[in-house]
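**Student:** The structure follows.
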Amino acid sequence: MIEEEMNLEKCITTRRTIHDFIPDRSVDKDVVKAAIAAACWAPNHHLTEPWRFLLLGRETISDICELNKEMLTETKGIEKAEHKYKRWMEIPGWLIVTCQKSDDDVRYQEDYASCCCAIQNLMLILWQQGIGTKWSTGPVTFDERFYDLAWINKDMENVVGLIWYGYPADTPQTVRKPLQQVLTELP
């Protein structure tokens, strides 16, 4: 059991946000579906299971890339918009994760946190298999047109994240603050 815990710790401490994926190397959908199934074991208050995973096909991906290009052209110019469009079109895998809305603010906060836990589970399961991820919440994910393109009913659910996945072309290195800076022991 201790050996398994060390493997989990290594998975957690080595997982990084991947910005560059190997463009022509796709991930088997069955691997992604199995990771989603396991990710759904995230803790959630009252077992609400508020998450929904949308596995995107090339047509929807292309539509979202076009929308983002249009938005960026307006704010940053055509050159930057074209560059990002090309980059996004090369990302091998796309998922959207949503959270069911609630009229109860406390329940929604708990459900949103559960969705975040499910996303972390997903990213760790994929990382364990050598598949990198990037969790994005960029401006395109807040646009009404994004919801329409992904067939998401904004009255019933919110986007928690756009998850890109694929085999990493590069894995960034980083450090974390020492424990003494993040832990306070109370009497």
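The values are calculated or read from the model by the stated rules, or taken from the named source; none is laboratory data. Owing to the predicted nature of the structure, the values given are computational and were not obtained by experimental measurement. Quick reminder, even Gly has a Cβ in these numbers, built from the backbone with ideal geometry, and neighbours come from all protein chains shown.
**Student:** Residues ILE18, ILE36: which one is at pLDDT 95 or above, hydrophobic (A, V, I, L, M, F, W, C), closer than 30 Å to TRP88 by Cβ and touching a Ser or Thr at 6+ places or on another chain (Cβ under 9 Å)?
**Tutor:** Numbers: ILE36 fails: touching a Ser or Thr at 6+ places or on another chain (Cβ under 9 Å).
After applying the criteria, what remains is ILE18.
**Student:** Can you tell me which of (1) farther than 13 Å from LEU122 by Cα; (2) modelled with pLDDT under 95 is the one SER62 doesn't meet?
**Tutor:** Exception for SER62: condition (2).
**Student:** Sticking with this structure for a sec: Examine segment 64-85 for a residue that is in contact (Cβ under 8 Å) with a residue 24 or more places away in the chain, out of contact with any His (no Cβ under 8 Å at 6 or more places or on another chain), closer than 28 Å to THR171 by Cα and aromatic (Phe, Trp, Tyr), and state whether such a residue exists.
**Tutor:** no
**Student:** Any residue in segment 72-79 that is part of a helix (DSSP H, G or I) and acidic (Asp, Glu)?
**Tutor:** Filtering segment 72-79 down to residues part of a helix (DSSP H, G or I) leaves 72-76, 78-79.
Adding the requirement that they be acidic (Asp, Glu) leaves 74, 79.
Yes: segment 72-79 contains one or more residues that are part of a helix (DSSP H, G or I) and acidic (Asp, Glu).
**Student:** Take segment 55-68 and flag every residue that is crowded, with 16+ Cβ neighbours inside 10 Å and under 18 Å from ALA118 (Cβ atoms).
**Tutor:** LEU56
**Student:** Could you list, in sequence order, the residues of segment 48-63 that are among the hydroxyl-bearing types (Ser, Thr, Tyr) and in contact (Cβ under 8 Å) with a residue 40 or more places away in the chain? Lay out the reasoning, then the answer.
**Tutor:** Let us first name the residues in segment 48-63 that are among the hydroxyl-bearing types (Ser, Thr, Tyr), namely 48, 60, 62.
Answer for segment 48-63, where residues must be among the hydroxyl-bearing types (Ser, Thr, Tyr) and in contact (Cβ under 8 Å) with a residue 40 or more places away in the chain: THR48, THR60.
**Student:** Looking only at residues that are surrounded by 18 or more Cβ atoms within 10 Å (Cβ to Cβ) and of a type in the set (Gly, Ala, Ser) in segment 107-135, which one is farthest from the chain's Cα centre (by Cα)?
**Tutor:** The qualifying residue farthest from the chain's Cα centre (by Cα) is SER114.
**Student:** Can you tell me which residue within segment 82-102, out of those that are surrounded by fewer than 19 Cβ atoms within 10 Å (Cβ to Cβ) and of a type in the set (S, T, N, Q), is farthest from PHE53 (Cα to Cα)?
**Tutor:** SER102
**Student:** Does segment 29-60 hold any residues that are charged (D, E, K, R) and part of a helix (DSSP H, G or I), and which are they? Please lay out each step first, then the result.
**Tutor:** The initial filter retains those residues of segment 29-60 that are charged (D, E, K, R), namely 29-30, 33, 49, 52, 58-59.
Result: LYS29, ASP30, LYS33, ARG58, GLU59.
**Student:** I've got another one for you. Are any residues in segment 101-152 in a strand (DSSP E or B) and farther than 20 Å from ASP28 by Cα, and if so, which ones?
**Tutor:** Here is the first cut: in segment 101-152, the residues in a strand (DSSP E or B) are 132-136.
The answer is SER136, and nothing else.
**Student:** Also, I was wondering about something else. Please find, within segment 21-37, the residue that is farthest from CYS116 (Cα to Cα) out of those that are of a type in the set (A, V, I, L, M, F, W, C) and surrounded by 14 or more Cβ atoms within 10 Å (Cβ to Cβ). Can you show your working first?
**Tutor:** Restricting attention to segment 21-37, the residues satisfying the condition of being of a type in the set (A, V, I, L, M, F, W, C) are 21-22, 27, 31-32, 34-37.
Those still in the list that are surrounded by 14 or more Cβ atoms within 10 Å (Cβ to Cβ) too: 21-22, 27, 31-32, 34-36.
Details: PHE21: 23, ILE22: 26, VAL27: 22, VAL31: 20, VAL32: 17, ALA34: 18, ALA35: 15, ILE36: 13 Å.
Filtering first and then ranking leaves ILE22.
**Student:** Restricting to segment 157-181, and then to whatever is under 18 Å from the mean Cα position of the chain (by Cα) and among the hydroxyl-bearing types (Ser, Thr, Tyr), can you tell me which residue is surrounded by the most Cβ atoms within 10 Å (Cβ to Cβ)?
**Tutor:** The selected residue is TYR165.
**Student:** If THR13 passes every condition in (1) free of Cβ contacts under 8 Å to residues at least 24 places away in the same chain; (2) surrounded by 15 or more Cβ atoms within 10 Å (Cβ to Cβ); (3) polar (S, T, N, Q) but one, which one does it miss?
**Tutor:** Tallying (1) free of Cβ contacts under 8 Å to residues at least 24 places away in the same chain; (2) surrounded by 15 or more Cβ atoms within 10 Å (Cβ to Cβ); (3) polar (S, T, N, Q), THR13 fails exactly one: (2).
**Student:** Among (1) among the polar types (S, T, N, Q); (2) part of a helix (DSSP H, G or I); (3) in contact (Cβ under 8 Å) with a residue 60 or more places away in the chain, there is one condition SER26 misses while meeting the rest; what is its number?
**Tutor:** (2)
**Student:** Here's something else I'd like to know. Name every residue in segment 137-156 that is within 27 Å of PRO172 (Cβ to Cβ), of a type in the set (Ser, Thr, Tyr) and surrounded by 14 or more Cβ atoms within 10 Å (Cβ to Cβ), in order of residue number.
**Tutor:** THR141
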